[in-house]
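Inspection log for the structure reproduced underneath, given as structure tokens.
Each value in this text was obtained by applying a stated rule to the coordinates, not by laboratory testing. Predicted model only: the values in this text are computed from it and were never measured. Counting neighbours? That spans all protein chains shown, and the Cβs are built from the backbone with ideal geometry, glycine included.
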Amino acid sequence: MSAPTKDPILQLIDLKKQFGDVTAVDNVSLDIGDGEFLTLLGPSGSGKTTILNMIAGFEFPTGGDVILQEQSINSLLPEKRNIGLVFQNYALFPHMNVYDNIAFPLKMRKFPKNDIQQKVESALELVQLQGYETRFPKQLSGGQQQRIAVARALVFDAPLLLFDEPLGALDKKLREHMQLELKHIHTKLNRTMVYVTHDQEEALVMSDRIAVMNQGRIEQVGPPDELYDKPTNSFVANFIGESNFIEGTVIEQNHEGLTLQHREGLKIKVDWSEPVQAGASIRFCLRPEKIFFADDSNAQNCINGIIEEVIYVGETKRYMIRIGETETIHMREMSTRIGRGRQKGENVKIGWFKESLRKLE
Amino acid sequence: MNHEQKLSAGKIFLGGLVTLIFIFLVLPTILTVPMSFTETRYLAFPPKGFSLQWHQQFLTDNKWIEPTIFSLKLASITTVVSLIIGTMASLALVRGILPGKRILHLFFLSPMMIPLIVTAFAVYGIFATFRLIGTMPGMVIAHTIIGIPYVMLVITANLYRFDLSLELAARNLGASALKTFMYVTLPLIKPGIIAAGVFCFIESLDELVLVLFLIGTTKMTLPLRMFAEIEFRISPTVAAASTVFIIAAIGTIIALSFIEKGKKQ
């Protein structure tokens with residue numbers, strides 16, 4: 001697990017949450033660096049929102065501790081924690097206009113009136129909604145409401161900002177736009193942000209580091225490229241991007257790497273230097289885009305197969321290729337690739353380089 | 001085409017029926033208005049001549065003024081007390097962690113389901129012991145018993161629909177539990193509180209059964225005065241009093257709808 005590059009501002013130590021018999025969060029430990037954008041990524045029910053609620057103070061942990069700026073905040077009431085939070089449904093106060101919504105945290109902190117006005121104006125400027133002060137939330141579009149929610153969470157200069165799937169209700173185009181905008185705000189303010197989402201693409205676009213969660217535990221933490229290129233287990237390999245899983249028994253290991261015996265009678269070469277016991281069964285991840293048609297290739301691994309399905313998805317084409325009797329391999333090819341189109345039912349030779357395989361736990 | 005025609009014929013029939021029912025319900029009430037302008041010393045329909053003497057009597061005669069003021073006072077205090085107790089009880093039932101919530105809820109609503117005469121009898125026995133009969137506090141307590149269920153019906157419905165994340169947001173932004181209630185919860189359930197208050201006020205102003213049992217001999221409420229007048233002789237002042245209340249009710253409804261409209265803009 002990779003550590004944050006800077007000193008941690010937020011530390012989760014053996015954090016645990018039990019709801020009756022259900023363990024929502026299972027001994028999670030994580031350091032989040034000052035100024036870092038960290039995403040908790042996982043399917044629904046993986047415990048990511050429960051962690052957020054424990055940081056915000058809405059849930060009390062069954063065990064463990066939450067340390068913010070070197071102090072335990074476990075026993076603090078939510079209003080004493082000074083943490084910004086952007087809710088999934090925005091949670092703007094419907095009876096207050098934009099100005100009063102953003103001014104609310106400042107009024108609660110008894111800021112002088114002039115300061116409030118100045119801070120609200122600069123928060124609105126940051127989210128590019130100057131001039132909307134007197135509008136009410138229901139007069140704004142979803143994207144605008146989201147920006148106001150962000151402005152309200154930012155305005156009181158909290159050292160830590162939490163985001164609970166804030167873009168879930170927006171359409172795809174707007175979501176992508178808001179992802180970049182939030183990223184810009186993060187770069188500009190250099191404020192620590194913890195972001196919860198189940199959308200792997202969103203996580204890859206925005207994060208400095210991603211913590212992939214499953215069943216209350218963190219499966220792997222690391223920068224987006226590391227998680228994509230070097231997943232350590234099947235869950236991560238499958239949750240971030242697509243994966244083929246290839247299993248085989250070790251029959252040889254030398255300076256060029258491993259040779260595996262696949263159950264379909266194939267021999268597969270893998271780039272791997274750490275010692276492995278002969279006869280051990282090993283599982284590898286192979287990304288679909290690392291596979292290519294290998295009619296005249298020098299790739300170390302070449303396999304014959306039959307195209308079972310061709311799926312056209314805009315910029316890429318997906319092929320499902322049956323190898324032997326039981327195995328189907330997914331492969332992806334850019335649509336712009338020159339050459340004849342492959343048809344369903346065609347016999348093909350596919351290949352990949354031995355470096356493309358990633359060993360899984 | 002044919003289908004559409006049939007449909008519109010059905011609509012006309014339904015419209016006519018609804019209009020008739022509406023007239024049947026409202027007409028007797030409306031008729032009290034012209035009847036209050038009669039010149040005769042008894043209630044007559046159709047009214048004969050035009051006179052304001054019965055309205056004048058209602059507005060000047062102590063026999064009418066005192067019960068009116070007493071009733072308005074009673075209804076006002078009852079409304080405030082019922083709103084405070086009812087709102088707090090609703091919050092406890094919807095938000096609180098209590099054992100037997102459902103049973104408690106039913107318990108609070110029970111005065112609505114138990115026949116009023118039974119409640120009146122039961123309260124009479126207790127009030128006699130504590131010498132509350134014929135006193136303002138006693139009357140307020142009695143009317144609050146029937147006011148609370150109205151408040152709770154409206155406010156619990158409001159609270160169940162309430163988006164809890166708004167309260168969490170307020171807490172997160174630095175508001176204590178009390179400030180969250182004052183700045184977020186209360187303003188958002190205000191329409192419910194106003195509606196509940198109007199129900200309570202009308203219920204208390206209108207109530208006769210509890211009053212008959214508990215009022216004693218020294219005090220008089222307006223419905224009781226009207227009842228007594230009708231029993232004794234059918235005085236047109238009763239119609240005049242009714243007219244004033246019809247106008248007040250219509251005024252309240254118009255005012256409320258204006259408040260609603262103002263909010264939407």
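Translational diffusion of the stretch B:64-264, estimated by Stokes-Einstein from the Kirkwood radius over alpha carbon pairs at 10 °C in a medium of 1.306 mPa s, is 85 µm² per second.
Taking all C-alpha pairs of the stretch B:1-130, those more than 22 Å from each other amount to 71 percent.
Label sites at A:Arg283 and A:Lys107, each approximated as a point 7 angstrom past Cα along Cα to Cβ, lie 5.5 nm apart.
Working ranking of peptides A:81-87, B:153-159, B:30-36 by packing, defined as the average number of other Cβ atoms within 10 Å per residue, highest first, is A:81-87, B:153-159, B:30-36. Taking Cα atoms only, the orientation of helix A:142-154 departs from the longest principal axis of chain A by about 70 degrees. The alpha carbon centroids of the stretch A:128-205 and the stretch A:51-82 are separated by 23 Å. With both labels modelled 7 Å from their Cα along Cα-to-Cβ, the A:Lys230 to B:Phe121 distance reads 8.6 nm. Axis of helix A:113-126 versus longest Cα principal axis of chain A: the two differ by about 20°, to the nearest ten degrees. With the highest mean first, a sort of the peptides A:250-260, B:13-23 on other beta-carbon atoms found within 10 angstrom per residue produces A:250-260, B:13-23.
Highest mean packing comes first when the peptides A:234-244, A:60-70 are listed by Cβ atoms within 10 Å, giving A:234-244, A:60-70. Taking a sphere under 15 Å around the Cβ of B:Leu210 and counting the other residues whose Cβ falls inside, with K and R at +1 and D and E at -1, yields a net charge of -2. Taking the alpha-carbon centroid of each part, what is the distance from the stretch B:199-220 to the stretch B:149-177 in angstrom? Using only Cα atoms, the two centres lie 33 Å from each other. In the structure shown, the pairs A:Lys80/B:Lys101; A:Lys110/B:Lys190; A:Lys269/A:Lys349 are assessed against 21 Å; a Cα-Cα span above that value is assigned to A:Lys80/B:Lys101; A:Lys110/B:Lys190.
Our helix-only sum for the protein assembly as shown, with -39,500 (n - 2.57) per DSSP H run of n ≥ 4 divided by its residues, gives a mean residue ellipticity at 222 nm of -15500 deg cm²/dmol. Here each label is just a point 7 Å from Cα along the line to Cβ, and for A:Val205 and A:Ile67 those points are 3.5 nm apart.
Here A:Met178, A:Met213 are placed in order of increasing Cβ neighbour count within 10 Å, fewest first, which gives A:Met178, A:Met213. Computed from the alpha carbon atoms alone, the convex hull of the stretch A:62-161 holds 116 Å³ per residue.
For chain A, the relative contact order works out to 15 percent when only alpha carbon pairs closer than 8 Å and six or more residues apart are counted. For A:Asp115, what is the net charge nearby, where nearby means another residue's Cβ is under 15 Å from its Cβ and Lys, Arg count +1, Asp, Glu -1? Spelling it out: positives minus negatives among the neighbours equals +3. Please list log₁₀ I(q)/I(0) at q = 0.12 Å⁻¹ for chain A, using the Debye equation with identical point scatterers on the alpha-carbon positions. With no solvent term, the Cα-only Debye profile gives -0.95. Between B:Met136 and B:Ala249, how high is the FRET efficiency from 1/(1 + (r/R0)^6) when r is the Cβ-Cβ distance and R₀ = 30 Å? Nearest 0.05. The computed FRET efficiency comes out at 0.80. In terms of its Cα atoms, the protein assembly as shown spans 120, 73, 51 Å along the principal axes, sorted from long to short. Using the Cβ-Cβ distance between B:Ser8 and B:Glu66 with R0 set to 56 Å, the FRET efficiency from 1/(1 + (r/R0)^6) comes to roughly 0.50. At an R0 of 22 angstrom, the distance between the Cβ atoms of B:Thr218 and B:Ile84 translates into a FRET efficiency of 0.20. Taking all Cα pairs closer than 8 Å and separated by 6 or more residues, the relative contact order of the stretch B:102-159 comes to 49 percent.
Report the paramagnetic label zone for A:Lys188: residues of the stretch A:143-164 whose backbone N is under 15 Å from a point 7 Å from Cα along the Cα-to-Cβ axis. Residues passing the 15 Å test: A:147-157.
Size descriptors for the stretch B:194-265, from the alpha-carbon set: Rg then Dmax equal 15.8, 52 Å. Building the convex hull from the alpha-carbon atoms of the stretch A:244-359 and averaging its projection over directions returns 7.2 nm². Take every Cα pair under 8 Å whose residues are at least 6 apart in sequence, average their separation, divide by the length of the stretch B:64-264, and the relative contact order is 34 percent.
Test of understanding: ordering A:Lys138, A:Lys269 by Cβ neighbours within 10 Å, fewest first, what list do you get? Intermediate results must be reported in sequence, preceding the final value.
Working: A:Lys138 9, A:Lys269 18.
Sorted ascending by nearby Cβ count, the order is A:Lys138, A:Lys269.
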